[in-house]
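K.L.:
Dropping a structure here in structure tokens format, bear with me for questions.
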């Protein structure tokens with residue numbers, strides 16, 4: 001695996017790959033890699049040369065958030081990527097966002113769901129992804145569906161500005177208890193981690209209610225809310241929306257998505273589930 005530290009280097013390397021007729025698969029990460037990232041990389045390797053970036057992006061952390069304490073393990077990540085046979089690791093040594101004066105924003109999607117609780121977060125996400133897309137110029141880019149709002153926003157940004165980049169969604173990877181994998185899960189102690197598994201179980205129970213015939217979004221979200229409270233979660237939001245996140249639903253339809261963010265012992269968890277009726 002080749003390790004590159006400067007934007008000029010990654011640009012030059014990408015030109016060589018394109019000249020050789022290679023397709024480039026790109027997986028942007030903030031490091032402290034886990035099996036959720038592994039799923040992205042394994043999928044990316046099916047499409048072309050896999051370039052993984054590791055950059056803890058200060059633009060997407062708000063005041064009082066965990067930028068300074070966000071889990072980092074460059075040595076462990078390098079070993080992890082070598083075992084997966086990733087082709088290239090781009091790990092910039094300098095702050096590549098330090099002098100950013102122009103930002104990317106989606107006025108609607110940046111200000112719903114998680115955007116209401118993390119002002120400026122998605123502006124930071126879209127800005128760094130645009131910077132990385134411009135430097136790496138991939139054919140494909142891979143994003144997990146746990147961060148569904150992020151995935152939709154990046155997909156729409158690519159449609160607007162990078163039509164030659166195909167955004168490939170990858171299903172959420174979960175531990176044996178159902179908890180969606182996240183680097184921030186390291187903040188949970190063993191007891192809380194087991195308890196956090198109830199989050200997805202409650203979403204799944206709501207999906208079962210829909211499958212049984214309940215279509216009222218108000219009733220479905222009320223059920224979810226009461227179950228989350230009963231299980232000790234502090235709720236940021238529970239919403240049912242269409243799959244493009246264009247609008248909140250009143251009458252739930254097949255293929256809509258239930259999204260939620262909660263806090264447990266001070267740790268913020270996000271998750272979602274598609275509402276699908278089996279015939």
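K.L.:
If you go through region 61-74 one residue at a time, do you hit one that is within 15 Å of residue 142 (Cβ to Cβ) and touching a strand residue (DSSP E or B) at 6+ places or on another chain (Cβ under 8 Å)?
P.N.:
Residues of region 61-74 that are within 15 Å of residue 142 (Cβ to Cβ), as a first pass: none.
Looking through region 61-74, none of the residues is within 15 Å of residue 142 (Cβ to Cβ) and touching a strand residue (DSSP E or B) at 6+ places or on another chain (Cβ under 8 Å).
K.L.:
Can I ask one more? Looking at 180, 207, 158 in this structure, which one is within 22 Å of residue 33 (Cβ to Cβ) and either more than 17 Å from the chain's Cα centre (by Cα) or at pLDDT 95 or above (or both)?
P.N.:
Working: 207 fails: within 22 Å of residue 33 (Cβ to Cβ); 158 fails: within 22 Å of residue 33 (Cβ to Cβ).
Only one candidate passes the filter, namely 180.
K.L.:
Go through region 112-126 and report how many residues are surrounded by fewer than 18 Cβ atoms within 10 Å (Cβ to Cβ) and either on the phi > 0 side of the Ramachandran plot or within 13 Å of the chain's Cα centre (by Cα) (or both).
P.N.:
1
K.L.:
I'd like to know if region 99-107 contains one or more residues that are outside the structural domain of residue 245 (by TED's automatic domain parsing), at pLDDT 95 or above and closer than 22 Å to residue 14 by Cβ.
P.N.:
The answer is yes, given that some residue of region 99-107 is outside the structural domain of residue 245 (by TED's automatic domain parsing), at pLDDT 95 or above and closer than 22 Å to residue 14 by Cβ.
K.L.:
Condition (residue is in the same structural domain as residue 248 (by TED's automatic domain parsing), in a loop (DSSP other than H, G, I, E, B) and more than 17 Å from the chain's Cα centre (by Cα)) applied to region 216-229: is it met by at least one residue? Break it down into steps so the answer makes sense when it comes.
P.N.:
We begin by selecting, within region 216-229, every residue in the same structural domain as residue 248 (by TED's automatic domain parsing); these are 216-229.
When the remaining residues are screened for being in a loop (DSSP other than H, G, I, E, B), the result is none.
Looking for residues that are in the same structural domain as residue 248 (by TED's automatic domain parsing), in a loop (DSSP other than H, G, I, E, B) and more than 17 Å from the chain's Cα centre (by Cα), one finds none in region 216-229, hence no.
K.L.:
Now for a separate question. Against the conditions (1) at negative phi; (2) assigned by TED's automatic domain parsing to the domain that holds residue 40, where does residue 191 fall short? Just the number, please.
P.N.:
Condition not satisfied by residue 191: (2).
K.L.:
Being closer than 23 Å to residue 6 by Cα and either free of Cβ contacts under 8 Å to residues at least 24 places away in the same chain or part of a helix (DSSP H, G or I) (or both), is that true of even one residue in region 135-150?
P.N.:
Scanning region 135-150 turns up at least one residue that is closer than 23 Å to residue 6 by Cα and either free of Cβ contacts under 8 Å to residues at least 24 places away in the same chain or part of a helix (DSSP H, G or I) (or both).
K.L.:
Just name the residue that is nearest to residue 186 (Cα to Cα) out of those in region 220-236 that are surrounded by 14 or more Cβ atoms within 10 Å (Cβ to Cβ) and out of contact with any helix residue (DSSP H, G or I) (no Cβ under 7 Å at 6 or more places or on another chain). Walk me through it before giving the result.
P.N.:
First pass over region 220-236, keeping only residues surrounded by 14 or more Cβ atoms within 10 Å (Cβ to Cβ): 220-221, 223-225, 227-228, 231, 233, 236.
Cutting the leftovers down to out of contact with any helix residue (DSSP H, G or I) (no Cβ under 7 Å at 6 or more places or on another chain) gives us 221, 225.
Working: 221: 28, 225: 25 Å.
Among residues in region 220-236 that are surrounded by 14 or more Cβ atoms within 10 Å (Cβ to Cβ) and out of contact with any helix residue (DSSP H, G or I) (no Cβ under 7 Å at 6 or more places or on another chain), the one nearest to residue 186 (Cα to Cα) is 225.
K.L.:
Quick check: anything in region 196-203 free of Cβ contacts under 8 Å to residues at least 40 places away in the same chain, under 20 Å from the mean Cα position of the chain (by Cα) and crowded, with 20+ Cβ neighbours inside 10 Å?
P.N.:
So far as region 196-203 goes, no, none of its residues is free of Cβ contacts under 8 Å to residues at least 40 places away in the same chain, under 20 Å from the mean Cα position of the chain (by Cα) and crowded, with 20+ Cβ neighbours inside 10 Å.
Every residue, every condition in (1) closer than 18 Å to residue 171 by Cβ; (2) in contact with a strand residue (DSSP E or B) (Cβ under 9 Å, 6 or more places away or on another chain); (3) surrounded by 20 or more Cβ atoms within 10 Å (Cβ to Cβ), yes or no:
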residue: 2; (1), (2), (3): no, yes, no
residue: 9; (1), (2), (3): no, yes, no
residue: 14; (1), (2), (3): no, yes, yes
residue: 34; (1), (2), (3): yes, no, no
residue: 40; (1), (2), (3): yes, yes, yes
residue: 51; (1), (2), (3): no, yes, yes
residue: 58; (1), (2), (3): no, no, no
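K.L.:
Every residue in region 60-77 that is farther than 18 Å from residue 98 by Cβ and surrounded by 19 or more Cβ atoms within 10 Å (Cβ to Cβ), please.
P.N.:
Correct list: 77 only.
The values are calculated or read from the model by the stated rules, or taken from the named source; none is laboratory data. Please read these numbers as outputs of a predicted model, since none were measured by experiment. Counting neighbours? That spans all protein chains shown, and the Cβs are built from the backbone with ideal geometry, glycine included.
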